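Asks: Dumping the structure here so I can ask a few things about it.
Just so it is clear, none of the values below were taken in a lab; they were calculated from the coordinates. Since the structure is predicted, the reported quantities are computational estimates derived from the model, not experimental observations. All Cβ positions, glycine included, derive from the backbone under ideal geometry; neighbour counts span all protein chains shown.
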Amino acid sequence: MSASISSLVKHPLVFRGRDHRHSADGNEVRLPFGQASLDKACAGGVPAAGVLSIRALAGQGELQLLNNVLLQKAGAQKRIIWLPNRMYLNPNWLSQTPYQQQSWVINTPNEADALWACEQAIRSQACCCVVMYLAQIEPKAARRLQVLARQYDCLVVLVHPGNRIPGALPVNIDMELSCDARQWFVHLHRVSGAWPQQHIAIEHPLPASNSAIVNAFRQYSNSTATAIHEVS
Amino acid sequence: MHWLYLHFPRLQLDLFEQLHPEQTGPTVVIDGTDNTVCQLSAAAISAGIKPGMGLAEVTAIYAQTGIIEYSSNSESSQLEQLATTLYAIASDIVCVASNGIAINLSPLVRYYQGLDNFMALCERTLTAQRVHFQFGSGATIEIARVLARSCVNRVEKNPDPASNHLKNCSLQATELPAREIEQLNRIGIRTLGQLIALPLEEIGKRFNNQIITYLLAIKGVKQPPYSLFHPRKLFSQYLELPYAVESAPRLSRFIAIVLANNCEYLQKRNLATDTLQFELQQREHDNLVFVVNAGTAHHHLSEWQMLIDLKLEQLKLDSPVTSLTLICDQLVEFDPENLSLLQSTYSRHAENMLLGKLLARLGNDSVKTVDQVNEHRQDYAVQQTCALHSAPVNSEANGQQPAWLMVQPQPLTEQTQILYGPERIHTGWWDDHPVKRDYFLAVTGKGQRLWVYRDDQQHWYVHGYFG
């Protein structure tokens, strides 16, 4: 009986949140997102070594959400590897970030090569962080990256749509970004050191807006003069 | 003067056996000019095959005999490699023909405190190279050469031109032309001793000056001039493959041999390289040249082998490869960094190793650092992403820009809400690529933040995503 339970518990797809909570209370370094509600749900933030899976479409502000985490990892002075995989990283955007000098962008012809490059980067111990965009990821591949990343003390950020994966990925954090009207939510499918949680509201402002102009016009229209322009 | 002559009777076969250790059956090297056996393996001798036999006779004796065509290029390259190896233990070396090396022993006797010490080292060095050799010594290279070809295999402490060993040597062991040997045989002269006993004036009446010069050298009177061997300042080695190789990864085991020689060459000279060039001779197509780059200059065999294997995985051959050449001409003095436990030093070394792997597998332009591009037209910014190690470009920030760009802007097809803009870009009228666009930040129903623009034709396009 105990042998069969033991083999069941050891299965890689069985999530043992309680066990992870103990390790989270130990010496595991966590990097906060800078969003109080999200950090609380993640037991303090992203574990510094391992895989963070973000289910998001390109342009949902995933890098903005990660900004605080990347800044903390960049402090290690090791390389940050970008694997855009069929997308093109804007050089002017990256050059405005503090970690531009330590970034390498690797162009790969396909996703298999991207996974290979990611694995080599982790094993090299020259990188503190790998940011990889994929169209899809198999749980087995995610598990492999998770084990390697923990072993070699590297943070792997995996951005993928995630719509083809039925369950949670066997990684440190598997989260999904979603938008409802103007409110942004994070759904935590799996977190090491805490229990999964849905609908965590976060602040996710736009990188730019016309609010200053709108406010100026609103103030102007409240005055006695008649407004001649309207801005949405 | 005291010369040692090393004769390598089956150099091409030795290389074949190194490359093809599993081949245990009879194997012969055939001289293509007259289709006769010039080198043969021990198994071939056991089967009854003898040097000088014709191809038909060989196959009649043993139908499964492995046949290799003689290649003087391959032997010359091997001989040069051997001379380079011996240069580490001896200074005055002369490469003779395509299968012999002469070493001046006179300065080595004192250096090694005796000939025996040097000979032990020499034999050990050549055994490590896995080549068969015979040797002899004499006052001139010609004497030593005859003794070596006669399998004397001993070195006299005091070279004596009139030694019994030399006198008993057959004329076949000399460099005399076959026609002259036949003439001498007809008058009953079969050994070198008989020939030396004849007065030179009499020989001079019947034979030409070349024969006289040769006999003077054999008598130890006058040594013909030879140019001494000097190793090349750049490493280059040609390797004839035992059979045509059809797929690139299978070249790895053959490349390993020349690579080992290259790394040894570099280590002995405290040199390093970050570029190796390979030239593959294809049977039905032009030579295929490929270059393997490492992240940093080094001379470590295992790391080079790994990079080359990665490159070979990606390489496509047009037709089977029959031989290859390794060229290593970008040499720098090896400057080992202090690989201490200091984080930054270790990281830099690890970085270089990673870079080498990535370049080998994904191509030389796969890894890039990114610097700001002094261009408002993002279509051109995409094309001008800086290559690795390029100098940074300073420019002003180009306003709010997205993290991700599309290589070609795509027509905007879904419904969006504009939340920021416009930012007008109107430039490029001076270089035939004018751009007049109003850029906006638009959001889709799924929350994707798009960087869209409206051109002067009032058409809308998506140009990037705010990550």
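Asks: Could you give the distance between the Cα centres of region B:160-235 and region B:261-287, to the whole Å?
Replies: One Cα centre to the other: 40 Å.
Asks: Could you work out the mean count of beta carbons from other protein chains within 10 Å of each residue's beta carbon in A:64-70?
Replies: Values: counts 4, 1, 1, 0, 0, 0, 0.
For this peptide, the per-residue mean of nearby foreign Cβ atoms is 1.
Asks: Further, regarding this structure: So what does the Cα-only Debye profile of chain B read at q = 0.07, 0.13 Å⁻¹, as log10 I(q)/I(0), no solvent term?
Replies: The Debye formula, applied to the Cα set alone, gives -0.58, -1.25.
Asks: At a 10 angstrom cut-off on C-beta neighbours, averaged per residue, how do the peptides B:99-105, B:137-143 rank from highest to lowest? Intermediate values should be presented prior to the final figure.
Replies: Numbers: B:99-105: 23.1, B:137-143: 24.9.
Per-residue mean Cβ counts within 10 Å order the peptides as B:137-143, B:99-105.
Asks: Something else about it: Taking beta carbons within 10 Å but only from partner chains, what does the mean come to for residues B:353-359?
Replies: Details: counts 5, 12, 4, 0, 6, 10, 0.
Mean partner shielding for this stretch: 5.
Asks: If you don't mind, there's one more thing I want to ask. With θ set to phi - 60° and the Karplus curve 6.51 cos²θ - 1.76 cosθ + 1.60, what are the ³J(HN,Hα) couplings of region B:81-95 in order, to the nearest whole Hz, using x for Gly and Pro?
Replies: Working through the residues one at a time gives 5, 5, 5, 4, 5, 5, 4, 6, 10, 9, 9, 8, 10, 10, 8 Hz.
Asks: Name the long-range amide H neighbours of A:G162: under 5 Å, sequence gap of 5 or more, or other chain; modelled H, no Pro or chain starts.
Replies: Those lying under 5 Å, H to H, from A:G162: there are none.
Asks: Can you tell me the order of B:317-330, B:204-217 when each peptide is scored by its average per-residue count of other Cβ atoms within 10 angstrom, highest first?
Replies: Values: B:317-330: 17.6, B:204-217: 14.6.
Top of the packing list down: B:317-330, B:204-217.
Asks: Step through the residues of region A:49-54 one at a time and calculate ³J(HN,Hα) from phi using the Karplus curve (6.51 cos²θ - 1.76 cosθ + 1.60, θ = phi - 60°), rounding each to whole Hz and writing x for Gly and Pro.
Replies: Here the 3J(HN,Hα) series is 10, x, 10, 10, 9, 10 Hz.
Asks: Residue-wise, which Karplus ³J(HN,Hα) couplings in Hz belong to region B:414-424, taking 6.51 cos²θ - 1.76 cosθ + 1.60, θ = phi - 60°, and x for glycine or proline?
Replies: Per-residue couplings from phi come out as 9, 6, 9, 10, 7, 10, 7, x, x, 10, 8 Hz.
Asks: If each of B:N168 and B:Q415 carries a label point 7 Å out from its Cα toward its Cβ, how far apart are those two points in nm?
Replies: 10.9
Asks: Something else now. Name the residues whose placed amide hydrogens come within less than 5 Å of the amide hydrogen of B:F235, ignoring near sequence neighbours (fewer than 5 apart) on the same chain.
Replies: Here B:C328 satisfy the definition.
Asks: How much FRET efficiency would the formula 1/(1 + (r/R0)^6) give for A:S7 and A:H187, where r is the Cβ-Cβ distance and R0 is 25 Å, rounded to 0.05?
Replies: On the way: r = 31 Å, r/R0 = 1.23.
Plugging the Cβ-Cβ distance into 1/(1 + (r/R0)^6) gives 0.20.
Asks: Here is a further query. Residues with beta-carbon under 14 Å from that of B:W404, excluding B:W404: net charge, scoring Lys, Arg +1 and Asp, Glu -1? Kindly include the intermediate steps, with their values, before the conclusion.
Replies: Working: positive: A:R86, B:R449; negative: A:E62.
Computed value for this residue: +1.
Asks: To continue, here is another question. Across the residues of A:117-126, average count of Cβ atoms on other protein chains within 10 Å? Write out the running numbers ahead of the final one.
Replies: Values: counts 7, 0, 0, 7, 3, 1, 4, 10, 7, 11.
Average neighbour count from other chains, rounded to a whole number: 5.
Asks: I would also like to ask the following. Please list, in chain and number order, the residues 5+ apart from A:V157 or on another chain whose amide H is under 5 Å from its amide H, with Hs placed from the backbone.
Replies: Here A:L52, A:V130, A:V131, A:M132 satisfy the definition.
Asks: I would also like to ask the following. Starting from the Cα of A:L71, step 7 Å toward the Cβ, then list every residue of region A:99-140 with an amide N under 13 Å from that point.
Replies: Only A:99 pass the distance filter.
Asks: Quick one: putting +1 on the C-beta of Lys and Arg, -1 on the C-beta of Asp and Glu, what dipole do you get for chain B around its Cα centre, in Debye to the nearest 20? Walk me through the numbers before you get to the answer.
Replies: On the way: 37 positive and 48 negative charges, 263 e Å.
Its charge dipole is roughly 1260 debye.
Asks: Still on this structure, please answer the following. Run through region B:200-308 and list the GluC sites (Glu not before Pro) located in a DSSP loop whose Cβ has at most 14 other Cβ atoms within 10 Å. Let's see the in-between values first.
Replies: Values: sites: B:E201, B:E202, B:E240, B:E246, B:E264, B:E279, B:E284, B:E303; in loops: B:E246, B:E284.
Counting only loop positions with at most 14 other Cβ atoms within 10 Å, the GluC sites (Glu not before Pro) in region B:200-308 are B:E246, B:E284.
Asks: Based on the mean of other Cβ atoms within 10 Å per residue, sort peptides B:25-35, A:112-122 so the most packed one is first.
Replies: Working: B:25-35: 16.9, A:112-122: 21.6.
Highest-to-lowest ranking by the protection proxy: A:112-122, B:25-35.
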